[in-house]
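FYI, it's all coordinate maths here, none of it is from the lab. The shown structure was predicted, so the numbers you read here are calculated from the model rather than taken from an experiment. Don't worry about glycine lacking a Cβ; one is built from the backbone with ideal geometry, like all the others, and counts go over all protein chains shown.
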């Protein structure tokens with residue numbers, strides 16, 4: 001059994017989610033200790049437990065210690081199989097982060113996963129970033145993945161529902177190119193007047209239009225549910241950014257924040273943004289390929305360390321931009 005110190009490097013939930021995904025696809029049992037030891041609320045949280053359950057459902061895995069507050073987890077995988085599962089986080093915990101753990105496993109045999117929780121919450125990629133930035137970056141593997149947002153869920157009420165469907169595809173090396181990069185704006189809200197999402201989008205479009213000197217497609221998504229909130233996600237190729245609304249914050253500033261962050265990334269070196277750089281590493285290790293990023297983040301360093309424990313070597317070359325290859 002592979003023993004992993006969950007407090008190493010970044011020391012957060014990324015280690016847990018990625019370790020159980022790697023365990024499932026390699027067949028190597030793992031024991032993770034000192035989970036999130038240095039966090040304000042150490043141990044597993046509801047979102048991590050949901051991610052572990054999702055991975056276990058895809059490989060008939062057996063777990064010990066998968067409960068909120070636990071500092072130790074053992075995960076014993078069996079054969080990956082095509083499954084249809086429903087997972088409820090139980091809070092407004094991040095649906096995209098649950099999917100991030102399940103997706104590499106689902107790509108082996110295919111499957112369907114429905115998750116209830118938060119679609120756009122703090123300290124997490126939005127579901128729209130996952131759909132418009134991460135999945136297209138997977139190339140052929142991404143073409144068999146569909147995302148259906150049934151209902152939006154925002155912090156603190158949650159209640160969002162997302163259904164993921166995955167079909168297997170022939171493995172393809174991860175290669176990111178800037179040619180024919182698609183750009184767009186998706187502005188969303190739940191339980192708020194339509195003009196909120198419209199104002200967010202208008203503000204983002206004005207700034208991005210000046211930067212890119214082209215028309216930017218706008219997608220407005222309105223939802224009704226148990227939570228109230230808004231978000232604006234923007235992207236251009238393999239670079240994306242997002243911003244969340246909050247009471248008292250003008251909608252225009254939400255769109256402006258997302259657009260400003262994306263403009264900074266567009267002007268930075270590298271083919272992918274810093275967040276995508278670590279999210280792609282597990283796929284890079286499994287399928288091969290290469291890409292560049294503006295910085296070598298702590299999350300990326302953590303993923304390279306974790307992948308090495310499972311026998312995967314990522315080559316990293318630091319310079320004006322950081323090149324990852326496998």
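Here are a few things to note about the model shown:
- Beta bridges from DSSP with both residues in the chain: antiparallel share about 70 percent, rounded to the nearest 5.
- Against the empirical 2.2 N^0.38 Å (N residues), the chain has a Cα radius of gyration ratio of 0.95.
- Beta bridges from DSSP with both residues in region 25-126: antiparallel share about 45 percent, rounded to the nearest 5.
- Inter-centroid distance (Cα atoms) of region 39-93 relative to region 118-138, Å: 20
- With Cα atoms, 0 to 90° folded angle of helix 13-26 axis to the chain main axis: 60
- Coordinate range along principal axes, alpha carbons of region 282-326, Å, largest first: 29, 21, 13
- Here, region 2-171 is characterised by an Rg to Rh ratio of 0.95, where Rg is the alpha-carbon radius of gyration and Rh the Kirkwood radius.
- Most to least packed among 88-95, 300-307, 228-235, 242-249 [average Cβ atoms within 10 Å]: 228-235, 88-95, 300-307, 242-249
- Tail weight of P(r) past 18 Å, computed on alpha-carbon pairs of region 247-326, percent: 46
- Along principal axes, Cα extents of region 72-189, largest first, whole Å: 41, 39, 27
- Fluctuation leader among 208, 298, 44 - the chain, Gaussian network, Cα springs under 10 angstrom: 298
- The modelled label-to-label distance for the pair residue 173/residue 82, using points 7 Å beyond Cα in the direction of Cβ, is 3.0 nm.
- Think of it as helices only: each DSSP H run of n ≥ 4 in the chain is worth -39500 (n - 2.57), and spread over all residues that comes to -10500 deg cm²/dmol at 222 nm.
- Shape category assigned to region 136-269 from the gyration tensor of Cα positions, a/c cut at 1.5: oblate
- The gain in end-to-end length when the residue 9 to residue 313 segment is fully stretched comes to 107.7 nm, 0.36 nm per residue minus the alpha carbon separation.
- For the chain, built as a Gaussian network whose Cα springs stay under 10 Å, the top-fluctuating residue of 167, 210, 109: 210
- In the chain, the longest principal axis of the Cα atoms and the axis of helix 251-267 are about 70 degrees apart.
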